[in-house]
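Visitor: Structure below; questions to follow.
Read-outs throughout are calculated quantities, based only on the coordinates presented, and are distinct from any laboratory measurement. Quick caveat, the model's predicted, so the values are computed rather than measured. Here the Cβ is made from the backbone with ideal geometry for all residues, glycine too, and neighbour counts use every protein chain on show.
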Amino acid sequence: MSLSPDDVKRIARLARIEIDDSQALASQSQLNSIFDLIATMQAVDTQGIAPMAHAQEVYQRLRADSVTETDHHAAFQAIAPAVENGLYLVPKVIE
Amino acid sequence: MKWETVIGLEVHTQLATQSKIFSGSSTAFGASPNTQASAVDIALPGVLPVLNKGAVECAIKFALAIGATLNRINVFDRKNYFYPDLPKGYQISQLAKPIVEGGALKILVDGEERIINLTRAHLEEDAGKSLHENFQGVTGIDLNRAGTPLLEIVSEPEMRSSAEAVAYARALHTLVTWIGICDGNMQEGSFRVDANVSVRPVGQAEFGTRREIKNLNSFRFLQQAIDYEVRWQIETLEDGGRIEQATVLFDPDTGETRMMRSKEDAHDYRYFPDPDLLPVKLDEDWIESVRAALPELPAAMQLRFQNDFGVSAYDAGLLTGSRALAEYFEAAARACGQGKLVANWVMGELSATLNKAELDIMQSPVSSRQLGALVARIQDGTLSGKLAKQVFEGLWEGAGEVDAIIEARGLKQMSDSGELEKIIDEVLAANQKSVEEIRSGKEKAFNALIGQVMKASKGKANPAQVNDLLKAKLQ
């Protein structure tokens, strides 16, 4: 599989990364070399081997359901660009 | 052309845990903005999610309650999109290996039973809230809700009318509150419904193009939104138009749906397994201990009520509308052994009075024991239905126990036939004209006389006894 320049631009848009044409070209060749690596790995015969969701065959540890956090919003909001009445302010979004 | 409606529902239920799905923040509703949003919830760099056992247990309960498959190994994925109330830039959800698959729910529509199959149910985190109203040109973000555990429950597209969709949503609402995994509060967004709606000519095998109505937070809106959407789709098709796949919003003020985004703007979520979370393994001991702790479920209780108390299937359905109502009914019915009569009182006088006072069954001033005692006094002939209503009013006002109210207010049904005969003789003497009419065959006049006797006894006479005595005297 190899990516076209349009694929690269689409991926950049989905990731909210602004790139120009020359950057897209550079990224295209870098990404394609990653795909080459993936192609090499996919050539390995995995018939009969269950897919893994994680590199290690261990399972998630679970937390007891209890409230352990306290309110730190003042500290968090001290580094926020804009805050009002305890709310973080962001440019207007309407859907 | 005849059209068939096809509906599938996706329901987001907020799970009734103390803490969030991946952090130890409180999930309590209504706190000041951002006071329940920890470093994990607001996605500060370097933090890691740790899964809440309570949330997983809710999903296990649900799977057992609907007879679904529990995936012993299930996996969390990242669903990527950008929105300010989603601080990480992705939602942790489950795509390829959800915790619950399959299962079914029984619904009752117009007296007919139907089985609706479920596709899946998966665990995920809720987003924060965006507040647009109070600000000029900016949006306020409250992340208290971010990370609240959700179980998203997806049905097969098996409903064929808005009535069936509402019946399914209600049955699901009853079940999740019954087993205690969700508080069911729709005003607070604990139970949110998305409806996928399409229409097709009757007899056509393929589905039509669907539109998804988002975020319906009442059963009434669900019904209105589907009805409007179905009408709109049929009109569009009959006018020669086409339905484009889209996401729409329902506006309760206009009763209409309007487009939010078309298929072209549809999100490309680029799901992949979340490397921060390992696969979840459910061991059999855990599943069995959850199974053992499950309460009796609504469907089983309905059958038992029909068998033990002789109530109809329809009444059994109503009485199991919530676990609290079912427990109330059963306690009252056991207290007096009169299930059918208790059912009538619970669904009649009690429900009506609770509705009028805007109280739910848990807040009822009349306890199940008191209602049972009241029905026992109807059964043993102490009270007529009419007198019983007066005693009920006394119970509601907190005037004491049933027998004390009967005594204090002199509400005992007249049992002394001598006293009653005296009243009847007086009524007959005063209504000679009616007596003659009856003797000449006018049935109507007889009922009028019964009314007169009841009135003269101040409602305390036993109507059946009056009927018998009056008949004997007029022979």
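Visitor: Taking 29 Å as the cut-off for C-alpha to C-alpha distance, list the pairs among B:340/B:412; A:9/B:129; B:356/B:444; B:79/B:106; B:53/B:97 that go past it. The partial results should precede the final answer.
Guide: Numbers: B:340/B:412 23 Å; A:9/B:129 31 Å; B:356/B:444 36 Å; B:79/B:106 32 Å; B:53/B:97 18 Å.
In this structure, A:9/B:129; B:356/B:444; B:79/B:106 lie more than 29 Å apart at Cα.
Visitor: If you line up the long axis of helix A:5-14 against the longest principal axis of chain A, both from Cα atoms, how many degrees apart are they, to the nearest 10?
Guide: 20 degrees
Visitor: Right, next: Using r as the Cβ-Cβ distance of residue B:464 and residue B:160, and R0 as 41 Å, what FRET efficiency do you calculate, to the nearest 0.05?
Guide: Working: r = 48 Å, r/R0 = 1.17.
Computed FRET efficiency for residue B:464 and residue B:160 comes out at 0.30.
Visitor: Considering only C-alpha atoms, what is the centroid distance from region B:333-372 to region B:49-77, in Å?
Guide: Cα centres, region B:333-372 to region B:49-77: 36 Å.
Visitor: Let me ask another. Under DSSP H, which helices of chain B have Cα atoms covering 27 Å or more of the helix axis and a Kyte-Doolittle average no less than -0.5? Let's see the in-between values first.
Guide: Values: long enough: B:219-238 (29 Å, -0.41).
Span-like helices, by this rule, are B:219-238.
Visitor: Whole angstrom only: what separates the Cα centroid of region B:402-417 from the Cα centroid of region B:310-326?
Guide: With region B:402-417 and region B:310-326 each reduced to a Cα centre, they are spaced 31 Å.
Visitor: So, one more: Where does each of B:159, B:347 land when they are ranked from fewest to most other beta-carbon atoms within 10 angstrom? Mind dumping the intermediate values first?
Guide: Numbers: B:159 27, B:347 17.
Starting with the residue having the fewest Cβ neighbours, the order is B:347, B:159.
Visitor: Here is a further query. Please rank B:442, B:61, fewest neighbouring Cβ atoms within 10 Å first, as an exposure proxy.
Guide: Details: B:442 12, B:61 22.
Ordered from fewest to most neighbouring Cβ atoms within 10 Å, B:442, B:61 come out as B:442, B:61.
Visitor: Which FRET efficiency, nearest 0.05, do residue A:45 and residue A:4 yield, Cβ-Cβ r, R0 30 Å?
Guide: Working: r = 30 Å, r/R0 = 1.00.
For residue A:45 and residue A:4, the calculated efficiency is 0.50.
Visitor: So how do B:259, B:414 line up by other beta-carbon neighbours within 10 Å, fewest first?
Guide: Details: B:259 11, B:414 17.
Result, fewest neighbours first: B:259, B:414.
Visitor: Relative contact order of region B:247-403: what whole-number percent is it, with Cα pairs under 8 angstrom and at least 6 residues apart?
Guide: Numbers: 120 pairs, mean separation 22.3, N = 157.
In percent, rounded to a whole number, it is 14.
Visitor: Could you work out the mean count of beta carbons from other protein chains within 10 Å of each residue's beta carbon in A:68-81? Don't skip to the end; give the middle numbers.
Guide: Working: counts 7, 12, 6, 9, 6, 10, 2, 1, 8, 3, 0, 1, 3, 0.
The mean count of partner-chain Cβ atoms within 10 Å per residue comes to 5.
Visitor: Rounded to the nearest 0.05, what FRET efficiency do residue B:399 and residue A:85 have when you use their Cβ-Cβ distance and R0 = 45 Å?
Guide: Details: r = 49 Å, r/R0 = 1.09.
Step by step, r from the Cβ atoms, then E = 0.40.
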